[in-house]
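Down below is the structure, laid out as structure tokens.
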Amino acid sequence: MTTDIKEIISKLETIKKNFDNELSQTSENNLSEKLKIKYLGRKGELSSFFALMGKVSAQERPKLGQELNKLKIYFQGQIDKFTDASESKPKRIDFFDTSLPGLPVKIGTKHPLYQVLDEIKDIFISFGFTIETGPELETDYYNFEALNIPKYHPSRDLQDTFYISDDLVMRTHTSPVQIRTMESMEPPIRMIAPGKCYRKDALDATHSPIFHQVEGLCVDVGVTFADLKGLIEAFAKRLFGEDVKIRFRPSFFPFTEPSAEYDFSCVKCGGKGCNICKGTGWLEISGAGMVDPAVFNYVGYDSSKYTGYAFGMGVERIAMLKYQIPDIRHFYENDIRFLTQF
Ligand code: PHE
């Protein structure tokens, strides 16, 4: 390479022109990185000229040094400017349009079972009932004994009950809340007790090992079966409309006497018979009856003074009828496409 300073400087000018040319055609950020390597890199265009510093005469050395430094600073400056300009576009937000409409916020929906439960609660509250609760892990005494369900009664069968220990069970119904409520207050009582119940049932289209019930209890002087029927009828009409009919069929529960099961006329066909009511025109809701005096004895109520009625209902069953949901499993699968329909 020449050591003639004039020649060197003219070569440097050519390099500068080339650089300017290339930079003016560069559009992407990473290309400016390539230019940096090409002109300023360790094996770049300028580096061989720096090597000449030791070869030129002592007089010319400062001049060459100056020229090279000038060029180096120039290249660096141009590349930086280019990089800054192209990076600033997407990065720097110095303007925020406060008039832009906001992004919609996705919020959850109340689970259909709890929507129905709320509706049931509202109806009974409007009838003057209070809401009571009890534990899901129950003692044998509250779940069975005090409800007049003796040892060896078939409903205590291991098949049906989750036993946690000899004395503790996952409650199989909400009826133990009747006992807890009567123990804690004197009549008059008008209460409902909503909550989860547990039974050893295999999960299929109509059964689930965890399900929801609403218990009802009314105890006062002079309460009759007619009051029970009137209440259930008023409830059915509030829930399913004025046209719904009710019927009671004789049945048996250890804690009510007499006992019944009650049905609503089919919400789909109105009683003519369809696939929902399996052609019968009626839909089974649950059990009910007059509180057995034996139960009053357990809680220390005077059964010669007070009478009462009790009833149960399955929340899943009511929700399935209301929304014509064919399979109970939909409630527990948390499929957002199902849940957002209600
Ligand atoms: N506990 C009963 C059941 O789970 C229903 C019921 C409640 C019956 C109150 C009578 C009175 O099947």
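Nothing in this text is a laboratory measurement; each read-out follows from the coordinates by a stated rule. Bear in mind that the values here come from a model prediction, so they are computed numbers and not experimental data. Using ideal geometry, Cβ is built from the backbone for each residue, glycine included, and neighbour counts are taken over all protein chains shown.
Of note:
- Among residues of segment 312-332 that are free of Cβ contacts under 8 Å to residues at least 40 places away in the same chain, those with a Cβ under 6 angstrom from a residue that is away from the ligand (no atom under 16 Å from the Cβ) and aromatic (Phe, Trp, Tyr), sequence gap 6+ or separate chain, pair up as HIS330/PHE338.
- Residue list for segment 24-46, restricted to those being hydroxyl-bearing (Ser, Thr, Tyr), in a helix (DSSP H, G or I) and surrounded by 13 or more Cβ atoms within 10 Å (Cβ to Cβ): SER32, TYR39
- Candidates in segment 163-179 are the residues that are charged (D, E, K, R) and more than 13 Å from the ligand (Cβ to nearest atom); of these, the one that is nearest to THR307 (Cα to Cα) is ASP167.
- Within segment 58-87, the set of residues being touching a residue at least 12 places away in the same chain (Cβ under 8 Å) and among the small types (Gly, Ala, Ser) comprises GLY65, SER86.
- Every test in (1) touching a Ser or Thr at 6+ places or on another chain (Cβ under 9 Å); (2) within 20 Å of ARG190 (Cβ to Cβ); (3) small (Gly, Ala, Ser) is passed by SER251 save one, and that test is (2).
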